[in-house]
Structure formats: structure tokens, C-alpha cells
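Engineer: Dropping the structure in here first, questions after.
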Amino acid sequence: MRGRGVLAAGTATLVVVCLMTSCTSSSRSNENGGSPTSAPATDSGPPTEITITPSPADTVASDCSAASTPVPVTGVLPLGAFTDSTRTALLVKNTGLLTLLIVPGNTASTLDAASYADPTDLPDTLALDAVAHADLPSNDPYWPPTVPLDQVYIVPPQWAVCALVPTAGEDARINASEDKFASAAYFTAQKLALSAQDYLTLTPDVLKQGQAFITCAQGTVSLLDQNKDENEDQLYSSAIETGSACHTGYQTLFADDETDLPKASDEAIDLLDKTPKLIEDEKFISELIGH
């Protein structure tokens, strides 16, 4: 599974961003054969359509590192979108509070990592790696089962993904939706890493000691799979409570001196108490189209 990389039951709202002289919006399942990463739009008003004159150049982009021209996005999902002079690259940044799953919106589009636009703080990178190893495809009921794993990107807040097309004049499209399971797993791992960082020097040797953050992300996903209606407070408390696999793994980080373990655990709980509420009843979908 790619490290970057949707759905919660309920109604859908479609947002369209167009980088062509003309385009049409539609509500449909993922055109590259995926599961319904978008759904029929409800009567929530007309989709947003934005028109930008395409570049006459025949060159195509190999990544999104030059995508600096903002593309206005309006709609329910807070996203930043940027393109370049070729109009074949579309950089999409998650500016919201919850983790997204993003997949290609058509067969022409290919997703790629955008490390040049991603956070570099250790707790963020540790948390994303943990979520990428949390076996979401097997436990998340909203995971798109027929989309290739390397084209499903988990995109936490402030992370980005790059959509590319191989030929000038083709549409680069993505479908994105907030995901409860990925959000919960990311929050758990990130807040535990933040609290550990306050008391430990998180060297590679320390981090490999028990793969604590991966264990905690996996435990959170498993608990949520067993009780999808569990509220956030109970979910996080159960995930890291004493005796849990997460707590045992986290404890290994403090093997040299467990004096600070209770303080770090309490700090993690305080941080988790302040995380955004997870999705309950609504599915939010955004489709971005690039040329």
C-alpha cells in the first residue's frame, strides 16, 4: 500500500474543479474500475465548475513539484489544488481536519506521492507509516476493494497527493472522501508519537524496538471494526488502555526508564481528547479535474 493515500455511509455532495475550456460534471463510481468512491449526488445544488484555458504546450509533467498555480475549490471538502503550465499535473492537498482516501477518478489518471509538499515532522511521518501498515483494506468497510492498492492514497491533514496524466489534453481526476477508520488510526499514532517525543529521543533504534505506533494504529482499526458506533473517547481509551497491545508496544519505547511512561500516556489521552470528531453519517466526495 502506498504511504499516502473513504467513505462513510450517508449522502454525497459533489465538487468539480475544471482545468479545461469545457468540462462536464457527473456523479459516478470510480472510472478506473474501483468501488464507488463517489456516489450519486444528492440535490445539494449545482456542482462547482471552474474553467481555465489549457496550455498549448505538448509537454507533460512527470510530477507535481512545479504545480504552484492555485485552482479555486469550493464545496464540502477542504482541499487545496494546484496545477502547472502543462495542465497535466494536479497537486491536491488535504487542508481539512480528517484523513482522506484518494483514488484516481478515471483511467487516464495516475496518483503519485508528493513528498515535496508533505509534512516532515517525525510524529506526522511515523503516524502515516503506522496507518499504512494498519491493514485498512481488510478492516475498513469503506475501502475501495477493486482499486489497486498502489492507487489508494491515505492523505492525512496537511499531506498531499499528485495526479498525473500521460498526454497533454487529457483529464487528471481524483475522487476523495473522508474516512473514519484512517482518521482514527492516524490520530492515535500521531498523538502517541507527539507525547513520546516529549520524553524520549526517538532514534531509529528506539522506534524499531516494538513498532509501537503500527501496533497502536492496528489496534484502533480493529476496535473500530468491532464496534463502528463507539464514540471517540471510548475508542481511544480502549485502544491505549493498560494491558492493550498498543500500551504494551508503547511501553517498550520506555524500556530503559519507565518513569515517564504514565505522564506520556496521560498526555496522549489529553491530545486525543482534543482531536476532531470522526465522521458519523455523511459521506463527502470531491472530484478534481485537471488538464
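Engineer: Suppose the filter is charged (D, E, K, R), within 13 Å of the chain's Cα centre (by Cα) and farther than 27 Å from Q234 by Cα; does D118 pass it?
Structural biologist: It is true that D118 is charged (D, E, K, R), within 13 Å of the chain's Cα centre (by Cα) and farther than 27 Å from Q234 by Cα.
Engineer: Exactly one condition in (1) surrounded by fewer than 17 Cβ atoms within 10 Å (Cβ to Cβ); (2) touching a strand residue (DSSP E or B) at 6+ places or on another chain (Cβ under 8 Å); (3) modelled with pLDDT under 90; (4) not acidic (D, E) is false for L122; which is it?
Structural biologist: For L122, the failing item is (2).
Engineer: Sticking with this structure for a sec: Going by the conditions given, is D233 in a helix (DSSP H, G or I), under 23 Å from the mean Cα position of the chain (by Cα) and at pLDDT below 85?
Structural biologist: It is true that D233 is in a helix (DSSP H, G or I), under 23 Å from the mean Cα position of the chain (by Cα) and at pLDDT below 85.
Engineer: Oh, and also: Looking at this structure, is E170 assigned by TED's automatic domain parsing to the domain that holds L253, of a type in the set (D, E, K, R) and either in a loop (DSSP other than H, G, I, E, B) or modelled with pLDDT of 85 or more (or both)?
Structural biologist: no
Engineer: Can you say whether T120 is over 29 Å from A268 (Cα atoms) and not assigned by TED's automatic domain parsing to the domain that holds L261, as far as the supplied structure shows?
Structural biologist: The answer is no for T120.
Engineer: Would you point out which residue out of Q190, Q197, Q218 is of a type outside the set (F, W, Y), surrounded by 19 or more Cβ atoms within 10 Å (Cβ to Cβ), in the same structural domain as S244 (by TED's automatic domain parsing) and farther than 21 Å from G96 by Cβ?
Structural biologist: Unique residue meeting the criteria: Q218.
Engineer: Hey, another quick one. Within segment 113-130, which residues are touching a Phe, Trp or Tyr at 6+ places or on another chain (Cβ under 9 Å) and under 23 Å from A81 (Cβ atoms)?
Structural biologist: Selection gives A113, A114, A117, D118, P119, D124, L128.
Engineer: Can I ask one more? Return yes or no: is Q218 at pLDDT 85 or above and among the polar types (S, T, N, Q)?
Structural biologist: In short, yes.
Engineer: Please specify each residue of segment 243-260 satisfying the condition of being out of contact with any Cys (no Cβ under 7 Å at 6 or more places or on another chain) and closer than 14 Å to A196 by Cβ.
Structural biologist: Scanning segment 243-260 gives H247, Q251, T252, L253, F254, A255, D256, D257, E258, T259, D260.
The values are calculated or read from the model by the stated rules, or taken from the named source; none is laboratory data. All of these numbers come straight from a predicted model, not from anything done at the bench. Cβ coordinates were reconstructed from backbone atoms using ideal geometry, including for glycine residues, and neighbour counts include every protein chain displayed.
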